[in-house]
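Visitor: Once you've had a glance at the structure underneath, I'll fire off some questions.
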Amino acid sequence: MEPNDDQPEASTSTSATSPIVQAATPEVSPELQATDESFEADASSSSRGRQLGKMAREWVLVIVGAVVLAMVVRSYVLQTFYIPSASMETTLMTGDRILVNKLAYHFHSIHRGDIVVFARPPAENCAGPVVPDLVKRVIGLPGDRLTSRGDKVYINGSPLKEPWLPANGKSLGTAITPTTVRPGQYFVMGDNRSNSCDSRMWGTVSRNLIVGEVQLILWPFSQFGFPD
């Protein structure tokens with residue numbers, strides 16, 4: 001039996017169109033966007049605040065450290081003093097500011113000719129009530145025998161060489177009463193000897209009263225340098 005040509009054949013192909021799917025971008029509400037921007041601003045402000053706080057703490061530490069260091073230096077190492085009188089002229093002039101090394105005599109002994117600052121001795125009676133510290137030159141050491149003849153100082157029977165005195169200012173003024181310097185004591189005098197209240201009037205200075213050695217003239221700049 002032959003096939004019936006009039007019977008339609010079954011179709012084997014299908015015509016279909018595949019749709020293209022595109023993801024939609026979600027819309028952000030103005031309220032959420034404003035919130036995000038506010039959060040970022042707050043975070044940035046907080047970061048700057050932390051940085052400023054850290055800098056402030058560092059500066060506080062630096063300042064406190066500097067103050068403590070200055071106090072330690074002033075108390076134990078170096079200190080400036082003001083010259084209120086003419087007793088050390090012409091080596092130190094009235095109004096000079098000097099730098100005193102407080103550690104000097106922890107490393108070496110006190111020498112004849114050193115210029116020293118010392119606390120006012122109990123017997124001192126001519127510097128005035130408001131002067132807590134004095135500055136003079138060491139003339140006699142423990143064990144020395146001192147006296148004077150005319151304008152000349154004698155130590156252990158020999159005339160003292162005094163290169164620190166000005167050529168035209170060697171008048172002794174008050175004579176030295178024969179004195180033997182006891183252990184731990186020092187005989188001091190001003191370079192302006194005719195205008196100095198010193199060991200000739202009120203005796204020797206105890207070692208424990210000596211603050212330190214004068215090592216530098218700071219002011220005025222015209223006088224800046226090491227004293228003789």
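Visitor: Which lysines have a Cα lying under 17 Å from the Cα of Lys170, excluding residues fewer than 8 positions away in the same chain?
Guide: Lys136, Lys152, Lys161
Visitor: Set the Förster radius R0 to 25 Å, insert the Cβ-Cβ distance between Tyr82 and Lys152 as r into 1/(1 + (r/R0)^6), and round the FRET efficiency to 0.05.
Guide: My answer for the efficiency is 0.20.
Visitor: Something else: In which sequence would Tyr186, Tyr82, Tyr105 go, from the one with the fewest C-beta neighbours within 10 Å to the one with the most? The partial results should precede the final answer.
Guide: Values: Tyr186 25, Tyr82 12, Tyr105 17.
Least crowded to most crowded, the residues run Tyr82, Tyr105, Tyr186.
Visitor: By the scheme Lys and Arg +1, Asp and Glu -1, what is the net charge of all other residues having a beta-carbon under 14 Å from that of Val64?
Guide: 0
Visitor: Still on this model: So for Val135, Val67, fewest C-beta neighbours within 10 Å to most, what's the order?
Guide: On the way: Val135 25, Val67 10.
Starting with the residue having the fewest Cβ neighbours, the order is Val67, Val135.
Visitor: Would you calculate the separation in nanometres between label points at Trp219 and Leu141, each defined as 7 Å from the Cα along the Cα-to-beta-carbon direction?
Guide: 3.5 nm
Visitor: Could you sort the peptides 118-125, 150-157, 207-214, 136-143 by per-residue average Cβ neighbour count (10 Å cutoff), highest mean leading?
Guide: 136-143, 207-214, 118-125, 150-157
Visitor: By count of other Cβ within 10 Å, fewest leading, how are Lys161, Lys102 ordered?
Guide: Lys161, Lys102
Since every read-out is calculated from the coordinates, none of them should be taken as a lab result. It should be emphasised that the depicted structure is a prediction, and the values quoted were computed from it without experimental measurement. Reconstructed Cβ throughout: ideal geometry from the backbone, glycine too, with neighbour counts over all protein chains shown.
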